[in-house]
Amino acid sequence: MSEGGDSEYRFERKYHIREVPTWEVEHWVRRCPALFYEVYAPRSINNIYLDDPGLGSYFENVDGMADRTKMRIRWYGPLLGTAARPVLEFKIKRGMVGTKASHPLSPISIGRGFGVNILRKALEASKLPDAVRYHLDGLEPALINRYHRKYFLSADGHYRITIDDHLEFYRVHRHDNQFLSRMELSDSTVMELKYSGDIADIDDRITNYFPFRVTRMSKYVTGMDGVEG
């Protein structure tokens, strides 16, 4: 299942909700007048965020640059072991809208001792366009995060909501990672509302319904700040 077309730009509203249990957030979603219902099976998502040694992508996000691209490797299921079907994603942000481009990768072994050499072997074994390889040059694994996600769709099919909880973060470096530098956000739920079209056309049954505040929250920045103290 794809979480979004590779060329479709869409608006995203993010809500970082603290000290409200996830079941209550889900209750609000299910009671929304837009009639959201659950689609797909819930699952655990893992990401390796890639950055340059100077953490350029991190600082672009912290500085709030309107146009930026973040690169990550995503897979589903267990965190450790063989990621059998990982996907390289370019998450592209242009002002208030975003999209992503995806490229399948060869399997990657994730475990103690994981580092840039293991990652590069998997990338070299993958069928990637030259332009993609160019953008990957000089990038290293910087952070791994993991969370549990549920998916919801409005009755008219125009709006999607995802609910993430059990957020975990692991700092990773170039070589011999032991996954000891870890942070967990046990009191946080991240809800995202995603939709295409004109921002002025968003259904006010949705915008005026949720009691949660829209926030600017990057899982990558949040994780890096947490594991680095």
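Can you tell me which of 97, 172, 116, 190 is touching a Leu at 6+ places or on another chain (Cβ under 8 Å), of a type in the set (Val, Ile, Thr) and at pLDDT below 95?
Exactly one residue qualifies, and that residue is 172.
Pick from 58, 9, 49: which is under 28 Å from residue 208 (Cα atoms) and among the hydroxyl-bearing types (Ser, Thr, Tyr)?
9
For segment 49-78: of the residues being touching a Gly at 6+ places or on another chain (Cβ under 9 Å) and surrounded by 13 or more Cβ atoms within 10 Å (Cβ to Cβ), which is nearest to residue 224 (Cα to Cα)?
Looking only at segment 49-78, we keep the residues that are touching a Gly at 6+ places or on another chain (Cβ under 9 Å), and these are 49, 52-53, 66-67.
Narrowing further to those that are surrounded by 13 or more Cβ atoms within 10 Å (Cβ to Cβ): 49, 52.
Numbers: 49: 10, 52: 14 Å.
Going through the qualifying residues, I end up with 49.
Is it fair to say residue 42 is free of Cβ contacts under 8 Å to residues at least 40 places away in the same chain and either closer than 17 Å to residue 164 by Cβ or open to solvent by 30 Å² or more (accessible area, probe 1.4 Å) (or both)? First the steps, then the outcome.
Values: free of Cβ contacts under 8 Å to residues at least 40 places away in the same chain: no; either closer than 17 Å to residue 164 by Cβ or open to solvent by 30 Å² or more (accessible area, probe 1.4 Å) (or both): yes.
Criteria not met by residue 42.
Only one of (1) loosely packed, with under 13 Cβ neighbours inside 10 Å; (2) over 17 Å from residue 133 (Cβ atoms) fails for residue 104. Which number is that?
Checking residue 104 against (1) loosely packed, with under 13 Cβ neighbours inside 10 Å; (2) over 17 Å from residue 133 (Cβ atoms), the one that fails is (2).
Tell me, please, whether a residue that is open to solvent by less than 30 Å² (accessible area, probe 1.4 Å) and among the aliphatic types (A, V, I, L, M) can be found in segment 147-156.
For segment 147-156, residues open to solvent by less than 30 Å² (accessible area, probe 1.4 Å) and among the aliphatic types (A, V, I, L, M): absent.
For segment 66-95, which positions are hydrophobic (A, V, I, L, M, F, W, C), over 18 Å from residue 179 (Cβ atoms) and touching a helix residue (DSSP H, G or I) at 6+ places or on another chain (Cβ under 9 Å)?
71, 88, 90
Can you tell me which residues in segment 171-226 are surrounded by 18 or more Cβ atoms within 10 Å (Cβ to Cβ), in contact with a Phe, Trp or Tyr (Cβ under 6 Å, 6 or more places away or on another chain) and aliphatic (A, V, I, L, M)?
183, 191, 224, listed by residue number.
The values are calculated or read from the model by the stated rules, or taken from the named source; none is laboratory data. Source: prediction; values computed, not measured. Cβ atoms come from the backbone with ideal geometry, glycine included; neighbour counts cover every protein chain shown. The area values use the complete protein model at the heavy-atom level, side chains included, leaving out ligands, DNA and RNA. Shrake-Rupley method; radii C 1.70, N 1.55, O 1.52, S 1.80 Å.
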